[in-house]
Amino acid sequence: MLLQSGWGGEAEFRKVTGPGIPEKGDANDLLCHHHPDLAAARVALDALPTFLPRIDEPEPAPRISLAGGSNDPRWDAVKEAVRLALGVTDYNHKGFSKKFFRCYDRQHDDLDASAQWHRDGFCKCHGCGKTFNAKQMAEFLNIP
């Protein structure tokens, strides 16, 4: 069994084992084994190895790869998927979406939503000046 101890405000997970402790022992078994000497129980607890649970990282979205390059007609489907994901419905006279959204550049802390999607299939941030193509936008939006 795992024990979560909060000694000193920090949580640690330790597997409770040792002489006199049942195989599937818990903190209560450790305390009963050392009762009434709580200092000895504390020493026994501190001597246990720290258990580090394995945390699985989420798998990254698959990379988009179209053999025909930017001239591949399947890019039209990618551009449409990005447009739909961004919620773009109307464009201004320059071809940019009327809807603004936050920049996807991690270096740009875009608090005022200064990026727009262009009908030709790219995103332009008017705050930092960066441009992202349809492939990059699809990856940012986790579009397979």
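If a residue counts only when it is out of contact with any Leu (no Cβ under 9 Å at 6 or more places or on another chain) and within 20 Å of residue 144 (Cα to Cα), which strands (runs of 3 or more DSSP E) contained entirely in segment 74-134 have at least 1 such residues?
Filter on segment 74-134 gives 122-125, 131-133.
Consider residue 43 carefully, then state whether it is farther than 21 Å from residue 141 by Cα and modelled with pLDDT of 65 or more.
Yes: the conditions hold for residue 43.
Any residue at all in segment 62-75 that's surrounded by 14 or more Cβ atoms within 10 Å (Cβ to Cβ) and at pLDDT 65 or above?
Yes.
Looking at segment 113-132, is at least one residue on the phi < 0 side of the Ramachandran plot, of a type in the set (A, V, I, L, M) and surrounded by fewer than 18 Cβ atoms within 10 Å (Cβ to Cβ)?
The answer is no, given that none of the residues of segment 113-132 is on the phi < 0 side of the Ramachandran plot, of a type in the set (A, V, I, L, M) and surrounded by fewer than 18 Cβ atoms within 10 Å (Cβ to Cβ).
The values are calculated or read from the model by the stated rules, or taken from the named source; none is laboratory data. Because the structure is predicted, anything quoted here is derived from the model rather than measured. Cβ sites come from the backbone with ideal geometry, for glycine too, and all protein chains shown count toward neighbours.
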